[in-house]
1. Using a cut-off of under 14 Å, list every residue of the range 12-30 whose amide N is near the label point 7 Å from the Cα of TYR65 along the Cα-to-beta-carbon line.
2. Quick check on the chain: what does the Kirkwood estimate of hydrodynamic radius come out to from the alpha carbon pairs, in Å?
3. Kindly write out, for the range 7-20 in residue order, the coupling ³J(HN,Hα) from the Karplus curve 6.51 cos²θ - 1.76 cosθ + 1.60 (θ = phi - 60°), rounded to whole Hz, with x marking Gly and Pro.
4. State, as an integer percentage, the relative contact order of the chain based on alpha-carbon contacts under 8 Å between residues 6 or more apart.
5. Karplus couplings for the range 31-46 from phi (6.51 cos²θ - 1.76 cosθ + 1.60, θ = phi - 60°), rounded to Hz, Gly and Pro as x?
6. For the pair ASP50 and ASN24, how long in nm is the line joining their label points, each one 7 Å along Cα→Cβ?
7. I need the calculated FRET efficiency for the pair SER14 and GLN42, taking r as the beta carbon distance and R₀ as 22 Å, to the nearest 0.05.
8. Helix 56-69 against the longest principal axis of the chain: what's the angle in degrees, Cα atoms only, rounded to the nearest 10?
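Quick note: the coordinates plus some simple rules give every number you see, no bench work behind them. Keep in mind that what you see is a predicted model, and the values were worked out from it rather than measured. Positions of Cβ are generated from backbone atoms using ideal geometry, with glycine treated the same way; all protein chains shown enter the neighbour counts.
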Amino acid sequence: MERHEIIWRSRKISFELQRKKVRNINMNLKPDMTLMVSANDQVPLDVIFDFVKSKGSWIMKNTGYFRDVQP
């Protein structure tokens, strides 16, 4: 697994990238606020970065939710 970071609206988003046989780019936010992204080996890294950036508002909303409900 590879760790990557992008900047979205001056906020840093860190995620772990797993390359495996999947048809789409998949994203999973775990309750410990770890963002997991899986994609096929043929998908270029800049396409994955653009995908994560396009989901930036969703990521921030849901990390805020998990932060609020964690003890």
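1. Zone members listed by number: 28-30.
2. For the chain, the Kirkwood estimate is 12.6 Å.
3. 10, 10, 6, 6, 10, 8, 10, 9, 8, 9, 9, 10, 8, 7
4. 26
5. Running phi through 6.51 cos²θ - 1.76 cosθ + 1.60 with θ = phi - 60° gives x, 7, 6, 8, 9, 10, 10, 10, 8, 5, 4, 7, 7, x, 4, 5 Hz.
6. Between ASP50 and ASN24, the simple spin-label model gives 1.8 nm.
7. Step by step, r from the Cβ atoms, then E = 0.40.
8. Taking Cα atoms only, the helix is inclined about 40 degrees.
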